[in-house]
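Working notes, beginning with the structure itself.
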Amino acid sequence: MPAVSKGDGMRGLAVFISDIRNCKSKEAEIKRINKELANIRSKFKGDKALDGYSKKKYVCKLLFIFLLGHDIDFGHMEAVNLLSSNKYTEKQIGYLFISVLVNSNSELIRLINNAIKNDLASRNPTFMCLALHCIANVGSREMGEAFAADIPRILVAGDSMDSVKQSAALCLLRLYKASPDLVPMGEWTARVVHLLNDQHMGVVTAAVSLITCLCKKNPDDFKTCVSLAVSRLSRIVSSASTDLQDYTYYFVPAPWLSVKLLRLLQCYPPPEDAAVKGRLVECLETVLNKAQEPPKSKKVQHSNAKNAILFETISLIIHYDSEPNLLVRACNQLGQFLQHRETNLRYLALESMCTLASSEFSHEAVKTHIDTVINALKTERDVSVRQRAADLLYAMCDRSNAKQIVSEMLRYLETADYAIREEIVLKVAILAEKYAVDYSWYVDTILNLIRIAGDYVSEEVWYRVLQIVTNRDDVQGYAAKTVFEALQAPACHENMVKVGGYILGEFGNLIAGDPRSSPPVQFSLLHSKFHLCSVATRALLLSTYIKFINLFPETKATIQGVLRAGSQLRNADVELQQRAVEYLTLSSVASTDVLATVLEEMPPFPERESSILAKLKRKKGPGAGSALDDGRRDPSSSDINGGVEPTPSTVSTPSPSADLLGLRAAPPPAAASAPSGTGNLLVDVSSDGPAPQPSLGPTPEEAFLSELEPPAPESPMALLADPAPAADSGPEDIGPPIPEADELLNKFVCKNNGVLFENQLLQIGVKSEFRQNLGRMYLFYGNKTSVQFQNFSPSVVHPGDLQTQLAVQTKRVAAQVDGGAQVQQVLNIECLRDFLAPPFLSVRFRYGGAPQSLTLKLPVTINKFFQPTEMAAQDFFQRWKQLSLPQQEAQKIFKANHPMDPEVTKAKLLGFGSALLDNVDPNPENFVGAGIIQTKALQVGCLLRLEPNAQAQMYRLTLRTSKEPVSRHLCELLAQQF
């Protein structure tokens, strides 16, 4: 960079700054600034032309005043004029002023861009660097559009100076981060990779930063960088500190470049070339070996640089997860850091070991440090380090050490920081459930959890223990006995009362034979807590009381007296009052048989993902799924049944074959009354609750869904109730589907409920259920405006030959939809034969006198008629071989568009309709499914296999069916979900 000459000192600026610093008050400072601004304004407006030095001095003063916090509304043109100067200092001040004060909407942008363009074309390296720095500092879209094509050319030009290449690389990186679409990928991408071989280390460092950012979006364009990065890293790692003197930092050669190269390699899977991979492994081993050498300096900068490379090396080893020797060595190295005196190193070691614990190669090595980690949990002063220690204990837990880890975490919970107590509670609950061999131990653990940290035990935790106790006959008696003893404590947390109320209401009869826990004693113990509880808990206890009347008739008179008390019948809370009145009437009017039927024991809950695990994932954020799921699941350890959260109820839960979507309740009238506001027009189509406004008597729709079984051969459509107009035969005068119709349809391939479409006028929601080859769909149309829709007419249209493949009957809806109101339309669907294209949904109405029309694709795809099929591994492979004709198989290899979370993948495959078969594929990471597509004409068997490759972020999907078009169509549908 040119030296600043002696005459460039700008004495006037120094005097002005000195005056400002000597001001005794804010008023004096403002007065001095105003005086200076008036002077500068007069100079700029004067007749006498200012020389470059004067312009530079006054622009510097304006810049200083702006940095003091005062607004500047003039001088911009003078700064732009400085860009045309041939003196470095004047041009530098001009660019500095523009970078700080000129915004992207300024009228001067065109002049500035012209000046920058001239400097970039000047081939003067100093001026080119100033221009590139200005582009990067401003970073506006306008500048990106103007120079995005020029900067790559400068970057790869053979005659560009090293300093210009550095600036160009970093400038391009800034523009790409601000507006990725403005940076075109072209022939320069291959040439920029070769900058990794540049002689100038600064150019290499800047190029690595740029390539690392670009390759995340376009990995294939930059995959050749892997071998070059390994080669450069090898040269750095094997060099002595004297070899790279200009880039050696406290005896560590090029630490920043080494870290950047290691991060770049983490963007790709392990190298396929054996020579490159061997050289990389040698580099990683060298770094681990150097970590064992005595330090060459006692300075903290030396250890920081050395450890930065080490931790990034360990991150790369974990990312590859393919070298057992390196993984174990990395684990041992981190184990040494667990007792280091530096807190930051202990934190980083715990964090890295959490990831190592999920690898099958290093899990056992991580477990050897369990005592050190437990000690860190007890003795660390820093709460963040203690939290990482708890995370590591959770990650290293398996069946062999579960009781020890849960015991230590429970002990720590008594003194844990309030900020992390809820997370510790969730982790203890998950571990106790996941590795429970003795279910009595699980019950004891959860009750201890409630006793120690009841305020932090969320509903998900105590819901879950109720699910498990309900689903396990062998633990119900023990749970009732244990919770009865826990309720006898003088100070009892309300969550314990909830658990006790539910369990005793369901299984109190199992301990009623003991005089110490006789029915009257159970009731008096629960009722002694009643006045101390919240309204929700009191409502639960009232449900327990009515259950007691069924279980223990001898308590009927006592409980009726409690329900008859004025404090219940005239309770200020309407929920408690209603329960007391209804339960009292039920116990008085109903016969013993009716009471036993209404108050029968809750059936087992359906098996779903643990709600506790789902909550922990939400607390940890979207990136925590794989770490929490723990891919090392012991095949012999199955999750305990449970899923939906139970609430004590007087009505038994429907059987698994019953309506799970709540659709059997009668639909609301065609034109519902307008709600108070238009913010939430639709019923909760994503929930599993009942449809709104149920009627008292069964409707034809209820009869249809309650008998949703395979149709009788003679008249399958006889099951479809309330004959209504059939769908139109073809798209006669409707417009084409909206551009995003395919995207909207794709969202419903693996789910049945949700919002199909929404704009500023209309919202359309869907709630549907399918069984065999029949289905029912509710469409909810919500008017989001305050103006009535006229001539409202939704209809279903069959394109092409679809009418011979799919029968859809629709119910009419009201022709007027009031502002803020919602109407519902019922569709009865029958699959006659396999089909490839969905029907169209055409919606027409008049809004404010203007006609409106909309065409969507109805979310009815062939997979909706899947019937899941369970089969053993032998049967699966036998059937797989039978479907071996080329036309029966469809296969697709594609890149993952979403994070590869096994639990999410499993949920999508189940939502797709197939049954997931365990212990069939030799690779436990793969997913295998089977099902039958039910149509009126025939049944189409389907087998699928999904092979995820987490390292390459790719999937291979293979489907085999007995019909060629079905194979291809299902393959395309399913591939779009990942």
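Of all residues in region 905-943, those that are part of a strand (DSSP E or B), open to solvent by 10 Å² or more (accessible area, probe 1.4 Å) and under 14 Å from residue 867 (Cα atoms) total 5. Residues in region 348-393 that are outside any loop (DSSP other than H, G, I, E, B) and open to solvent by 60 Å² or more (accessible area, probe 1.4 Å): 348, 351, 355, 364, 371, 375, 378, 379. Of the helices (runs of 4 or more DSSP H) lying entirely inside region 185-269, those containing at least 3 residues that are touching a residue at least 40 places away in the same chain (Cβ under 8 Å) span 201-215, 225-238, 255-265. Selection of region 956-976 for residues being crowded, with 21+ Cβ neighbours inside 10 Å, touching a Lys or Arg at 6+ places or on another chain (Cβ under 8 Å) and hydroxyl-bearing (Ser, Thr, Tyr) yields only 967. Taking the stated definitions as given, is residue 444 among the acidic types (Asp, Glu) and free of Cβ contacts under 8 Å to residues at least 12 places away in the same chain? No, not satisfied. Screening residue 341 with (1) more than 35 Å from the chain's Cα centre (by Cα); (2) touching a residue at least 40 places away in the same chain (Cβ under 8 Å) gives one miss only, at (2).
Okay, residues lined up against (1) polar (S, T, N, Q); (2) buried (at least 16 other Cβ atoms within 10 Å of the Cβ); (3) at pLDDT below 90:
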position	(1), (2), (3)
471	yes, yes, yes
514	no, no, yes
520	no, no, no
531	no, no, yes
536	no, no, no
542	no, yes, no
570	no, no, yes
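If you check residue 429 against the conditions, is it more than 30 Å from residue 320 (Cα to Cα), open to solvent by less than 20 Å² (accessible area, probe 1.4 Å) and part of a loop (DSSP other than H, G, I, E, B)? When the stated conditions are applied, residue 429 does not pass them. Of all residues in region 203-226, those being more than 23 Å from residue 184 (Cβ to Cβ) and either touching an Asp or Glu at 6+ places or on another chain (Cβ under 7 Å) or open to solvent by less than 10 Å² (accessible area, probe 1.4 Å) (or both) number 1. May I ask you to verify whether residue 495 is in a helix (DSSP H, G or I) and either free of Cβ contacts under 8 Å to residues at least 60 places away in the same chain or under 40 Å from the mean Cα position of the chain (by Cα) (or both)? So residue 495 passes the test. Given the residues 896, 930, which is the only one that is of a type outside the set (Ser, Thr, Tyr), over 30 Å from residue 735 (Cβ atoms), modelled with pLDDT of 90 or more and in contact with a Phe, Trp or Tyr (Cβ under 7 Å, 6 or more places away or on another chain)? Unique residue meeting the criteria: 930. Of all residues in region 279-306, those that are within 14 Å of residue 327 (Cα to Cα) have Cβ atoms under 7 Å from Cβ atoms of residues that are part of a loop (DSSP other than H, G, I, E, B) and open to solvent by 30 Å² or more (accessible area, probe 1.4 Å), 6 or more apart or on another chain, in 281/323. Taking the residues in region 423-436 that are of a type in the set (A, V, I, L, M) and touching a residue at least 40 places away in the same chain (Cβ under 8 Å) as candidates, determine which candidate is farthest from residue 491 (Cα to Cα). Per the criteria, the residue is 436. The condition of being at pLDDT below 90 and either surrounded by 12 or more Cβ atoms within 10 Å (Cβ to Cβ) or within 30 Å of residue 125 (Cβ to Cβ) (or both) does not hold for residue 37. Of the helices (runs of 4 or more DSSP H) entirely within region 44-151, those holding at least 1 residues that are within 46 Å of the chain's Cα centre (by Cα) occupy 52-67, 88-101, 109-121, 125-138, 141-147.
Scanning region 163-184 for residues that are in a helix (DSSP H, G or I) and surrounded by fewer than 16 Cβ atoms within 10 Å (Cβ to Cβ), we see that the one that is modelled with the highest pLDDT is 177.
The values are calculated or read from the model by the stated rules, or taken from the named source; none is laboratory data. The model shown is predicted, which means the values in this text are computed figures rather than measured ones. Note: ideal-geometry Cβ built from the backbone for every residue, glycine included; neighbour counts use all protein chains shown. Ligands, DNA and RNA are stripped out before the accessible areas are found, and what is left, the full protein with its side chains, is counted by its heavy atoms. Shrake-Rupley method; radii C 1.70, N 1.55, O 1.52, S 1.80 Å.
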